[in-house]
1. Using θ = phi - 60° and the Karplus form 6.51 cos²θ - 1.76 cosθ + 1.60, what ³J(HN,Hα) does each residue of the range 201-206 get, whole Hz, x for Gly and Pro?
2. Report the extension gain between residue 338 and residue 234 in nm, rounded to one decimal, defined as 0.36 nm multiplied by the number of residues separating them, less their alpha carbon distance.
3. Using 0.36 nm times the number of residues separating residue 185 and residue 198, minus their current alpha carbon distance, what extension gain do you get?
4. In percent, how large is the relative contact order of the range 196-260, given Cα pairs closer than 8 Å and 6 or more residues apart?
5. Which of 135, 24 has the fewest other C-beta atoms within 10 Å, and how do the rest follow up to the most?
6. In whole Hz, with x marking every Gly and Pro, tabulate ³J(HN,Hα) for the range 117-129 from phi via Karplus 6.51 cos²θ - 1.76 cosθ + 1.60, θ = phi - 60°.
7. Would you please give the FRET efficiency between residue 71 and residue 307, computed as 1/(1 + (r/R0)^6) with r the Cβ-Cβ distance and R0 = 56 Å, to the nearest 0.05?
8. Over the Cα atoms of the range 196-260, what radius of gyration and what Dmax do you get, in Å?
Amino acid sequence: MPSDHVGNETGFESHSSRPSQDAIGVSDVFLQFQEQLSRVAKVDRPILLIGERGTGKELAARRIHHLSPRWDAPLVALNCAALSPTLIEAELFGHAEGAFTGSRGGRKGRFELADGGTFFLDEIGNVPIETQEKILRVVEYGGFEPVGSSRTVEVDARIVGATNADLVEMAESGEFKRDLLDRLSFEVLYLPPLRDRKEDILLLANHFATRMSFELGRTDPAEFSSAAKKELHHFSWPGNIRQLKNVVERAVYRTDEKMIEEIVFDPFGSPYKTPEENLKKPSSQSGSPHKNWDSLSDEGIGFEESIRDYTVHLLKSALDQSKHNQKKAADRLGMTYHQFRWVYQKHKEFLGTGRE
């Protein structure tokens, strides 16, 4: 079996004992990506993975490693965004004894630990330009000098880089070395965002709900009501699979019932804020059309009327999206039910719903 060495956010190497996550999906765009990934995994060249946060770049890197001829060698990972510029060079290339103040003994870097295997550089766009020069040397010549040493260490590691940044634009502005970008981009794979994988949303949601149910010791896995399924399906998921997992697991643990009726997409609605503080414009994440309220002053409307009209707009929008279920409308607005009822009663005459 392959041995995975995974870098944690503190910059220390650790042996991964976490259960491997599965790549799950049936959508055409997902299957096409998996086919591309499987094909390039067998070619021993550098790869760049481009994708939004939460799309599963580390999972894709793991799959590339396990499908490659290097599957039985180490998989070493480093989150380049988790380290300061002063530490990242030593973390990548190691250091000799006494290389800098406080260093005790020499230490191998991640490149040396990945020798013979795969080195996953997550958030590679965060690597300082000076350090990029040394990475380029490793890619071109297969060797480097540890910090504070003149000894050349030879390594054979396949690099898989990942980022959500525009590396081409960074190269044009001088923030990323063009030569390094050319060397790393034998193949560039774009991970599809969850909003373009509509057929996979409920499949993944059921998967996460089942796992969470059993983690909580429940006999039967949780299920989603028709209304909950619609909410999950129509949400745009800016945080992608990571966000979906959090939303589903939160929904499962918050109810003792098998059937999930309530979906809370934003957990940051404080019950201790005033209703006005919790009343927020519906996020563009939900895809809800809304008026350009910045132009109200051009329409000759006073401040108080503008606030009232905007509040009524928010109430109507939330009620329409929740099919006039006031508890769900309150959740959409990040309010408690009692806060919502207070605001609703105050503006009921302007809503024209005829409902209590």
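Coordinate-derived values only; no laboratory data. On a predicted model such as this, the values are computed, not experimentally measured, just so you know. Neighbour counts run over all protein chains shown; Cβ positions are idealised from the backbone, glycine included.
1. 4, 5, 4, 5, 4, 5
2. Computed gain between residue 338 and residue 234 is 34.8 nm.
3. Roughly 1.8 nm would be gained on extension.
4. Taking the mean separation of contacting Cα pairs over the length of the range 196-260, I get 42 percent.
5. Numbers: 135 24, 24 14.
The fewest-first ordering by Cβ neighbours comes to 24, 135.
6. x, 10, 10, 9, 9, 7, 6, 5, x, 8, 6, x, 4
7. Values: r = 61 Å, r/R0 = 1.09.
Working from the Cβ atoms, E equals 0.35.
8. For the range 196-260, the Cα radius of gyration and maximum Cα-Cα distance read 11.1, 33 Å.
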